[in-house]
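The values are calculated or read from the model by the stated rules, or taken from the named source; none is laboratory data. Here the structure is a predicted model, which is why all the values come from computation and not from measurement. Because the Cβ atoms are built from the backbone with ideal geometry, glycine has one as well, and the counts that use them run over all protein chains shown.
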Amino acid sequence: MDNRKKICVIDGQGGGIGSTIIKKLKARFEESVEVLALGTNAIATAQMLKARANRGASGPNAVVQTVKKADIIIGPVGIIMPQAMMGEVTPAMAEAVCTADAKKILLPLSQENLEIVGVSGLPLPQLVDELLDRHLCFLS
């Protein structure tokens with residue numbers, strides 16, 4: 001039985017955010033964690049698989065079913081907002097992420113009509129470094 005932590009990385013559109021997250025996760029933790037790439041579309045999933053995710057799946061049902069088994073969910077804040085990412089996040093996906101038992105670590109990347117007060121506006125690579133250093137340090 002595989003006792004590694006299951007980390008779901010969710011992204012959409014071109015998969016660039018998820019790819020960045022996965023590359024840094026794999027560089028830091030190698031195979032001590034299982035990284036599952038969940039794309040809102042096939043292009044995003046393919047890009048995250050190229051970044052060395054262990055497995056991947058695409059679409060609303062894949063997200064809804066897989067987050068139930070996750071220990072940690074990582075993605076941009078839009079993954080908890082129905083219709084975010086130009087409509088790629090369905091209401092069922094957003095609800096599944098929000099109600100999953102997994103710890104959720106969300107990157108405060110801009111979404112239409114949303115401002116998060118107190119956010120520093122760091123570039124993506126620095127946000128991912130902070131995610132690893134402050135929020136996943138217990139995995140080391």
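Structure notes:
- Annotation: of all residues in segment 61-116 being more than 14 Å from LEU36 (Cβ to Cβ) and among the charged types (D, E, K, R), the one that is modelled with the lowest pLDDT is GLU112.
- In segment 42-140, counting only helices (runs of 4 or more DSSP H) that sit wholly within it, the ones holding 3 or more residues that are farther than 16 Å from THR20 by Cβ span 60-66, 84-87, 91-99.
- Identity of the residue in segment 95-127, of a type in the set (A, V, I, L, M) and within 14 Å of ASP11 (Cβ to Cβ), that ends up surrounded by the most Cβ atoms within 10 Å (Cβ to Cβ): VAL97
- Residues that are buried (at least 18 other Cβ atoms within 10 Å of the Cβ) and assigned to a loop (DSSP other than H, G, I, E, B) occur at least once in segment 14-23.
- Criterion applied to ALA46, ALA92, ALA42, ALA27 was being farther than 24 Å from PRO125 by Cα and surrounded by fewer than 20 Cβ atoms within 10 Å (Cβ to Cβ), and the one residue passing it is ALA92.
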